[in-house]
Amino acid sequence: MTNDTKTVIKVAQALAGAPIGGAENFYTRLVCALGKYDQLQQRAFTRENGWREQQFKDANIPVSKHRLGGTLDIIGRYQYHKALREWQPDIVMTYMNRATMLTPPGNYKLVARLGHYYDLKYYKHCNYWIGITKGICDYMIEGGFPKERVFQIPNFVDESIAKPLPRDSFNTHTESPIILAAGRLHTNKGFDTLLRAMIAIPDVVLWLAGDGPEADNLKGLAKELGIVSRVRFLGWRNDINALMRSVDLFVCPSRHEGLGSIVPEAWFNECPIISTRSQGPQELIEHENTGLLTPIDDVNMLAEAINQVLNDRLLASNLKSQGKTEYLNKYQKTIITNRYLSLFNKLLQKSV
């Protein structure tokens, strides 16, 4: 394969994720964005999902639907492998553990994309690896993957311009400051720390978007803390841009955060962001320039930072403008998709 711009590169994009989730959304977003390049011919190998299939249909991306089950799903695995062989891709890019584990080496370059600090045992058979942060790339190299085959390419976000929601949405008083948090309701996300910080943030209303195993525990904690009247549990939402443009501040209280798209999403939407010093956000955010950083699980410091941004309009304005500049300079869609195209061309000039 040469770097001739007229040469078409066949890329199979494989995901066996949940119906909803940040990684699943980025998979869909990236495949659709790469569909704009005439040099690429893509096919999405994924589970049945109505929303995702419609996105691919709108972007003219063919879909090959598979169960992508566990190791006991012998028939499903055979059908997936057969479909890959018949399509004869030049590159297969896998997302997360299951799709990577189920994809065998073949007459193609097998490239795994890691958006978190996953167990590396699922990725050892791949030819190349993409990490979305330097920290994840270092983790793979320290885990024994050849440095020259590990590449860093960050995420871009949904760049559609959303209209803000009314301030009284979700039964919110129009005069109340509003903070937003979003993500899977899991202990890793640290939403319990944010709820405890709410005690020292008077009059503020929290919009908490997401669903997950900790939903009932978090609702119980809000009641126990006496702040249930100031917390809105929104469930899973597909309008994060609109939400971010509607609030005064976004808070990421995670204990563990590989990156997610949440930091660049806040920057793109010009929403000031506060995050704990979890892995990804600590790498991306420059403290007091593109956001504020607080220690993990430090309720008092988190509350202090939130009050600081809400009470200092100049600080909030600076965080907005500097965050947007950071996104445009490093993370916007055209920059990231061009990097993927360049990488694909580079890999097809190499022998593994």
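Against the condition closer than 27 Å to Ile153 by Cβ, among the hydroxyl-bearing types (Ser, Thr, Tyr) and modelled with pLDDT of 95 or more, how does Thr294 come out, does it pass? Lay out the reasoning, then the answer.
Numbers: closer than 27 Å to Ile153 by Cβ: no; among the hydroxyl-bearing types (Ser, Thr, Tyr): yes; modelled with pLDDT of 95 or more: yes.
When the stated conditions are applied, Thr294 does not pass them.
Would you pick out the residues in region 328-352 that are open to solvent by less than 60 Å² (accessible area, probe 1.4 Å) and part of a helix (DSSP H, G or I)?
At the first step, the residues of region 328-352 found to be open to solvent by less than 60 Å² (accessible area, probe 1.4 Å) are 331-332, 335-337, 340-341, 343-345, 347-348.
Within region 328-352, Ile335, Ile336, Thr337, Tyr340, Leu341, Leu343, Phe344, Asn345, Leu347 qualify.
Of all residues in region 171-205 being more than 26 Å from Ser261 (Cβ to Cβ) and assigned to a loop (DSSP other than H, G, I, E, B), which is most open to solvent (accessible area, probe 1.4 Å)?
Looking at the filtered set, the residue picked out is Glu175.
Within the group Ile285, Ile273, which residue is without any contact (Cβ under 8 Å) to a residue 24 or more places away in the chain and among the hydrophobic types (A, V, I, L, M, F, W, C)?
Numbers: Ile273 fails: without any contact (Cβ under 8 Å) to a residue 24 or more places away in the chain.
Just a single option satisfies the conditions, and that option is Ile285.
Please find, among Ile75, Ile61, the residue that is β-branched (Val, Ile, Thr) and part of a loop (DSSP other than H, G, I, E, B). Before you say what the answer is, go through the steps one by one.
Details: Ile75 fails: part of a loop (DSSP other than H, G, I, E, B).
Just one listed residue meets the conditions, Ile61.
Only one residue in Asn60, Asn49 is within 27 Å of Leu185 (Cβ to Cβ) and either in contact with a helix residue (DSSP H, G or I) (Cβ under 6 Å, 6 or more places away or on another chain) or of a type in the set (S, T, N, Q) (or both), so which one is that?
On the way: Asn60 fails: within 27 Å of Leu185 (Cβ to Cβ).
After ruling out the rest, the residue left standing is Asn49.
For region 104-159, what are the residues that are part of a loop (DSSP other than H, G, I, E, B), open to solvent by 20 Å² or more (accessible area, probe 1.4 Å) and touching a helix residue (DSSP H, G or I) at 6+ places or on another chain (Cβ under 9 Å)? Steps first, please.
First pass over region 104-159, keeping only residues part of a loop (DSSP other than H, G, I, E, B): 104-105, 107, 115-119, 123-127, 132-133, 143-146, 153-159.
Narrowing further to those that are open to solvent by 20 Å² or more (accessible area, probe 1.4 Å): 104-105, 107, 116-119, 124-125, 127, 143-144, 146, 158-159.
Within region 104-159, Pro104, Asn107, His116, Tyr117, Tyr118, Asp119, His125, Asn127, Gly143, Gly144, Asp158, Glu159 qualify.
Quick one: Gln55 ticks every box in (1) under 16 Å from Leu15 (Cβ atoms); (2) touching a strand residue (DSSP E or B) at 6+ places or on another chain (Cβ under 9 Å) except a single one, so which number is it?
It is condition (2) that Gln55 fails.
The values are calculated or read from the model by the stated rules, or taken from the named source; none is laboratory data. Treat the numbers as computed from the prediction; the structure is a model and nothing was measured. We place every Cβ from the backbone using ideal geometry, glycine too, and count neighbours over all the protein chains shown. Note: areas computed on protein heavy atoms with side chains; ligands, DNA, RNA excluded. Shrake-Rupley method; radii C 1.70, N 1.55, O 1.52, S 1.80 Å.
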